[in-house]
Each structure stands twice: as structure tokens, then as C-alpha cells.
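Read-outs: derived from the displayed coordinates by stated rules, not from any lab. Keep in mind that what you see is a predicted model, and the values were worked out from it rather than measured. Positions of Cβ are generated from backbone atoms using ideal geometry, with glycine treated the same way; all protein chains shown enter the neighbour counts.
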Amino acid sequence: DQQVKQNSPSLSVQEGRISILNCDYTNSMFDYFLWYKKYPAEGPTFLISISSIKDKNEDGRFTVFLNKSAKHLSLHIVPSQPGDSAVYFCAAYAYNQGGKLIFGQGTELSVKP
Amino acid sequence: KAGVTQTPRYLIKTRGQQVTLSCSPISGHRSVSWYQQTPGQGLQFLFEYFSETQRNKGNFPGRFSGRQFSNSRSEMNVSTLELGDSALYLCASSLAAAGPGGEQFFGPGTRLTVL
């Protein structure tokens, strides 16, 4: 049972344009969401997060949007840079599940110069 | 501040063998979580330890076990290895539980290949 889904395994974007990575979830008990970025041969690194009481969180070029009614979140990267090319994972957390992060399958973003 | 370290980085084993992976968290971090990453499956949660106690467990068979020592270092053991256990095993540490203020910091992983 995949509670967090990233239905696009890959995404290709031109440098300078917007990258939009999507994530859907099924568990309405999730109350905190995170995005991680992963380069080959490295562990994932935390990028940005959002609490379920908010619908938007912005950090520089990165903005995460949360639509609770649709159980959908998205990560916007504007403008996209070649260094953003990596695999992006969304993850969700429920307080009543302790320290357990549920990850999506990941989306590989390729930003072309 | 040193990051999360995992040893070994690469490991090749044969079916039926057992393996032990090690993780040293960031200094001061008391929570250590383990994940299995396979193509198309993302990161699957294995278990989380906090102050030497297993606080949470994923849906993996009993062949997968772990422990945490008093210095917060953690080990993960897989017995009777199967071909499907081939994966990248990631360890993550955090100050407390995952969530607000408890973002997890990942190590580079141990690539396990089972032949």
C-alpha cells in the first residue's frame, strides 16, 4: 500500500524555466510533509517542508504547495538550474506514527542548459 | 560537524549469508532510522531507534533487525540473505523524532549486492 505516490518517474526541464514535481498521498492523518533531494552516490538531503496547517511554504527558489482536500502537494523550482538535476523524494509524517517517514518513489529531474 | 557515516559503502554477499551494516549519527543526534531504497520503490522505512530502544518498525520480515548503542551508533543486520535484499540501505539521524524540527540527515548509504 503506497501511501505516498510520485507518479512521474522523470521530468525534463529547460534551464531558467519552472520545474513542478508532484506528489499525492492517501493517508489523511499525515500532518507534515517534506521534500528531499538526492544526487547519485549520496544520501538524500532535506530541501523544504510544510505543515498541514499551511498551504504554501517558500524558501528561495523552492516553493511547496499543499492541497489537503486533494491530498496533493507539489514542489516548484523557479528558475531551474542544471545543478538542480537530481532525484526528488516527497515524504510524509504523522505524529501518531512516531518517527516514521513515508517516502514516495522519487522523480528524477533533469535540467538541460 | 561531521555528517552521518555508514560503513561499509559497498558489500557483496551470497544468498543465505548474513550481513551487518553500521551507522554513526551526527554528534548529539539520538534518533537513527534505517531505510531500504530499491528502484521504483523509493525509500522503504525499516525501523527507528531512539536512546537504544526501537521506537518504530516498518513492514519488513524478521530477518531484518537492528540495534542502537549507548553512543547512538546503530547497526542493522540482515540474516539469510535473499536476492531481493539487494538495495541501497540508508541511515538517517535526527535530534528527536522525524517531523517539525526533527528533519533527518542521511548518510551516503551502503550498497548491498546479493548474488
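Here are some notes:
- Residues located in region B:65-88, provided they are farther than 13 Å from B:Ser24 by Cβ and touching a Leu at 6+ places or on another chain (Cβ under 9 Å): B:Gly66, B:Asn77, B:Val78, B:Leu81, B:Leu83, B:Asp85, B:Ser86, B:Ala87, B:Leu88
- In summary, strands (runs of 3 or more DSSP E) completely within region B:17-79 and bearing 3 or more residues that are away from chain A (no Cβ under 12 Å) and surrounded by fewer than 21 Cβ atoms within 10 Å (Cβ to Cβ) occur at B:19-24, B:64-68.
- Residues that are away from every other protein chain (no Cβ under 14 Å), assigned to a loop (DSSP other than H, G, I, E, B) and either among the small types (Gly, Ala, Ser) or closer than 24 Å to B:His29 by Cβ (or both), drawn from region A:59-101: A:Gly60, A:Ser69, A:Ala70, A:Ser80, A:Ser85
- Within region B:80-97, not a single residue is without any contact (Cβ under 8 Å) to a residue 60 or more places away in the chain, more than 13 Å from chain A (Cβ to nearest Cβ), closer than 16 Å to B:Ser27 by Cβ and over 14 Å from the mean Cα position of the chain (by Cα).
- Residues (within 11 Å of chain B (Cβ to nearest Cβ) and assigned to a loop (DSSP other than H, G, I, E, B)) located in region A:4-58: A:Gln6, A:Pro9, A:Phe30, A:Asp31, A:Tyr39, A:Pro40, A:Ala41, A:Glu42, A:Gly43, A:Pro44, A:Ser52, A:Ile53
- Checking region B:96-111 against the condition returns a match, with at least one residue being surrounded by 18 or more Cβ atoms within 10 Å (Cβ to Cβ) and over 21 Å from A:Leu47 (Cα atoms).
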